[in-house]
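Engineer: I have a structure I would like to understand better, so I am pasting it below and will then ask my questions one at a time.
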Amino acid sequence: MEIFDVLKSSANPEKAVSMSAYMREQFNYTLTRSKRKTIAIYVRDGVVDVRAPLKAPKAEIDKFVNSKSDWITKNLTRSKERTEQKKAFTLKYGDTILYLGDEYPIVSKIGGRVGFDDNLKHFYIPPNLKSAQIKYACVQIYRMLAKRDLTAKVLDFAKKMNVMPIAVKVNSATTRWGSCSSRKSLNFSWRLIMADDDVVDYVVVHELSHITEMNHSKRFWAIVENVLPDYRERQLRLKELQKKLNNENWDKDWDGEFDTYDSDDYDECENEPPPVHEADDVPVIVHECENKSEQLSLFDMGDL
């Protein structure tokens, strides 16, 4: 990965210096090369990330980035506004949070345990926790629910689709709902468990379909549609959840170190989805290059 200042050229030398200084103040960008077909610019969390093919000329990359400076600046501004909204996100006792598409309250329960009461329909956590601790406790509950529910769903659909992954793992990915490794191991973000029940089914079927087709070809979508004829409608609702999560900060901001359930075998495929599949929180522009290479598959949160 390389880091570059973004410079905008001009026929007027004095103007060029002025614009260069201005653009350098606005943003830098990181450049990551991989086996992909296109040059893509992503704006995520105030960072400009440029992805390019291994052999793409640096001059071509610079030309493309410079030509999109206005677009980048606009989306950096939007990203900053969203960051401020995330900073204001807090949780307290009595608040309701999503689980399989429905809102359930966070209640205090004497003792040191956390969990979700399937009978009383609430999240329970110890009393007298600070806001950051409440969020941490809820994340742990989400992880447990995700591991339980997603594993059950994978086993159910795997039988119907006549495929079988070697493992089902839950991680804390923030930019993709799930992935299928080359070893047929499925990984899901714990955040997926917030989605509607049938939307979760769609992501599970999406990843299981990659066991047969490690791409997003017509053959792949035919497999998905054979299992879920209405998958497009479910995609739209998944995108609505992503818009909601754009303004919520579920990342770690508590004091101290804690164990996590992150996979130590997270071997997702390394391509990005087509730009039409990108979510609003991850603006992207893609430029076709002359060098072509085979792409594998992952499922970004924007891959809708």
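Engineer: Within the stretch 75-98, which residues are modelled with pLDDT of 90 or more and either on the phi < 0 side of the Ramachandran plot or part of a strand (DSSP E or B) (or both)?
Structural biologist: Within the stretch 75-98, Phe89, Thr90, Leu91, Lys92, Tyr93, Asp95, Thr96, Ile97, Leu98 qualify.
Engineer: Moving on. Scan the stretch 79-98 residue by residue and report those that are surrounded by 12 or more Cβ atoms within 10 Å (Cβ to Cβ) and farther than 26 Å from Arg44 by Cα.
Structural biologist: Tyr93, Asp95, Thr96
Engineer: Looking at Val65, Val48, can you tell me which residue is of a type in the set (Val, Ile, Thr), crowded, with 17+ Cβ neighbours inside 10 Å, at negative phi and in contact with a helix residue (DSSP H, G or I) (Cβ under 7 Å, 6 or more places away or on another chain)?
Structural biologist: Val48
Engineer: Which of the residues that make up the stretch 225-267 are at pLDDT 90 or above, over 18 Å from the mean Cα position of the chain (by Cα), surrounded by 12 or more Cβ atoms within 10 Å (Cβ to Cβ) and part of a loop (DSSP other than H, G, I, E, B)?
Structural biologist: Answer for the stretch 225-267, where residues must be at pLDDT 90 or above, over 18 Å from the mean Cα position of the chain (by Cα), surrounded by 12 or more Cβ atoms within 10 Å (Cβ to Cβ) and part of a loop (DSSP other than H, G, I, E, B): just Leu228.
Engineer: Still on this structure: Please report, ordered by residue number, the strands (runs of 3 or more DSSP E) entirely within the stretch 99-155 with at least 1 residues that are exposed (fewer than 15 other Cβ atoms within 10 Å of the Cβ) and either in the same structural domain as Gly178 (by TED's automatic domain parsing) or not small (Gly, Ala, Ser) (or both).
Structural biologist: 102-108, 115-117
Engineer: In addition: Does the stretch 101-146 hold any residues that are at positive phi and modelled with pLDDT under 95, and which are they?
Structural biologist: Gly111
Engineer: Additional query: Filter the stretch 140-160 for residues that are farther than 22 Å from Tyr93 by Cα and either free of Cβ contacts under 8 Å to residues at least 40 places away in the same chain or hydroxyl-bearing (Ser, Thr, Tyr) (or both) and give the result.
Structural biologist: Arg148, Thr151, Ala152, Leu155, Asp156, Lys159
Engineer: Could I ask something else about it? Search the stretch 118-139 for residues that are within 15 Å of Asn249 (Cβ to Cβ) and pair each with any residue that is at pLDDT 95 or above and assigned to a helix (DSSP H, G or I) when their beta-carbon atoms are under 9 Å apart and the residues are at least 6 apart or on different chains.
Structural biologist: Qualifying pairs under 9 Å: Val139/Trp190.
Engineer: For the stretch 212-224, state whether one or more residues are in the same structural domain as Leu155 (by TED's automatic domain parsing), exposed (fewer than 15 other Cβ atoms within 10 Å of the Cβ), of a type in the set (A, V, I, L, M) and more than 20 Å from the chain's Cα centre (by Cα).
Structural biologist: Looking through the stretch 212-224, at least one residue is in the same structural domain as Leu155 (by TED's automatic domain parsing), exposed (fewer than 15 other Cβ atoms within 10 Å of the Cβ), of a type in the set (A, V, I, L, M) and more than 20 Å from the chain's Cα centre (by Cα).
Engineer: Quick one: in the stretch 187-211, which of the residues that are of a type in the set (Ser, Thr, Tyr) and assigned to a helix (DSSP H, G or I) is surrounded by the most Cβ atoms within 10 Å (Cβ to Cβ)?
Structural biologist: This residue is Ser209.
Engineer: With the requirement that a residue be more than 19 Å from the chain's Cα centre (by Cα) and either of a type in the set (Asp, Glu) or over 18 Å from Lys135 (Cβ atoms) (or both), what does the stretch 85-121 give you?
Structural biologist: Asp95, Asp102, Glu103, Ile110, Gly111, Asp117, Asp118, Asn119, Leu120, Lys121
Engineer: Additional query: Could you check Trp177 against (1) in a helix (DSSP H, G or I); (2) crowded, with 16+ Cβ neighbours inside 10 Å and say which number it fails?
Structural biologist: Just one mismatch for Trp177, condition (1).
The values are calculated or read from the model by the stated rules, or taken from the named source; none is laboratory data. Please read these numbers as outputs of a predicted model, since none were measured by experiment. Methodologically, a virtual Cβ is constructed for each residue, glycine included, from the backbone with ideal geometry; neighbour enumeration extends over all protein chains shown.
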